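Coordinate-derived values only; no laboratory data. Just so it is clear, the model here is predicted, and its values are computed rather than measured. Using ideal geometry, Cβ is built from the backbone for each residue, glycine included, and neighbour counts are taken over all protein chains shown.
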Amino acid sequence: MFAPPLAMHMANELLSVPVAGIMLALAAAVVAIAARLARPAAAGGHLPLMGVMGAFVFAAQMINFTLPGMPGASGHLGGGVLLAILLGPAAGIVAMAAILIVQCLLFQDGGLLALGCNVINLGVIPCLLGSWLYRVLLGPATSAAAWRQYLAAWVACVIGVTAGAAMVPVEAAFSGVLQAPLSQFLGVMVGVHLVIGLCEGAVTFSVVAYLRRVRPELLGLDPLDLAPTDSPAAAHRPGYGVVTVSLLVTAVLLAGVVCWFASTWPDGLEWSYLEHRYAAAEKAVYNESPLVAAVDRWQSQWSPMTDYTRREAPLGQLPIAGTIESTAAWPNFDGWRSVAGVLGTMVTLGILYGVSRRMQRTTQSV
């Protein structure tokens, strides 16, 4: 069966067509509801940040890091909990859906049939569960101490990321493609993503700490509680536009330059079902569906920059076997990867900016 490289997210081969269809329909319904629920937030002025934060998360997801204590496996930011903390869970789900659609259609990052599962696992579960845990642990946001806020964000990331990852073995098992025992695959996925969640918590911690210092109101904090208006700290806070630009510049640098230094080891999901060996099975997953193979081929034909690199064949044609450039070298000074990263960052920014503006207009007309 034709099996193209899929960089980070759930591949088509992990699902049967019926399960994929059900999850696509469920994800579409949840995103539609989330988009409607996020409209009132437009009046609060936070949704213009949706495009910038979506672009930041897209770029940050390109930076795989070697997992501590797990040589041979890497992880990357999910970003759902961070988006939910800053935008609210509903807008966070919408932003994650846009990021995953861009990755799937432009870069074949995640299977088209698996898009619904990726939206649920990476978007809906971390945004809803992570946001709820964050609020419970934080208490009243306006008076939250710094340590409490950082701890709440960290715990929310660990639990939210791990819970979403735990859905993958369940979805594969319901699809009938899982060859390894469910308990073993589930245990490996949970173990790997607990480590990834801890690392994601550190990134989320850093962003929350930065925004708490420069724009605490974006975190629901009262700036006057942190520093009176006549204090030096309040006087030197950068404006909203400066903070927005700083996040966007960081996103472009991540996507265009820092991506060269990303780990070349397989992502935690790929490692768990492609690299890890289960005693009871030669392969963790086996899928012989001709429709799944056909969707894989279609994605490989029409993805403009499969796996974030230059196409080796014109659009509409399958790449010739063995022509895809190796990315094993580190650091990988790949100009095409930079182009792909910046392109994806800008497309994500544009889509989410348009969505947020649409939400604002809809809210104002009601």
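Looking at the stretch 151-176, which of its residues are closer than 14 Å to residue 269 by Cβ, among the small types (Gly, Ala, Ser) and crowded, with 22+ Cβ neighbours inside 10 Å?
164, 165, 172
I'm told residue 33 meets every condition in (1) over 18 Å from the mean Cα position of the chain (by Cα); (2) crowded, with 19+ Cβ neighbours inside 10 Å; (3) closer than 27 Å to residue 175 by Cα except one. Can you identify the failing condition by its number?
Among (1) over 18 Å from the mean Cα position of the chain (by Cα); (2) crowded, with 19+ Cβ neighbours inside 10 Å; (3) closer than 27 Å to residue 175 by Cα, the lone unmet condition for residue 33 is (2).
Only one residue in 129, 113 is surrounded by fewer than 23 Cβ atoms within 10 Å (Cβ to Cβ) and in contact (Cβ under 8 Å) with a residue 12 or more places away in the chain. Which one?
So the residue among 129, 113 that is surrounded by fewer than 23 Cβ atoms within 10 Å (Cβ to Cβ) and in contact (Cβ under 8 Å) with a residue 12 or more places away in the chain is 129.
In the stretch 177-187, what residues are surrounded by fewer than 20 Cβ atoms within 10 Å (Cβ to Cβ) and either in contact (Cβ under 8 Å) with a residue 12 or more places away in the chain or among the aliphatic types (A, V, I, L, M) (or both)?
Result: 179, 181, 182, 184.
Within the bounds of the stretch 101-113, is there any residue that is under 14 Å from residue 89 (Cβ atoms) and within 11 Å of the chain's Cα centre (by Cα)?
The answer is no, given that none of the residues of the stretch 101-113 is under 14 Å from residue 89 (Cβ atoms) and within 11 Å of the chain's Cα centre (by Cα).
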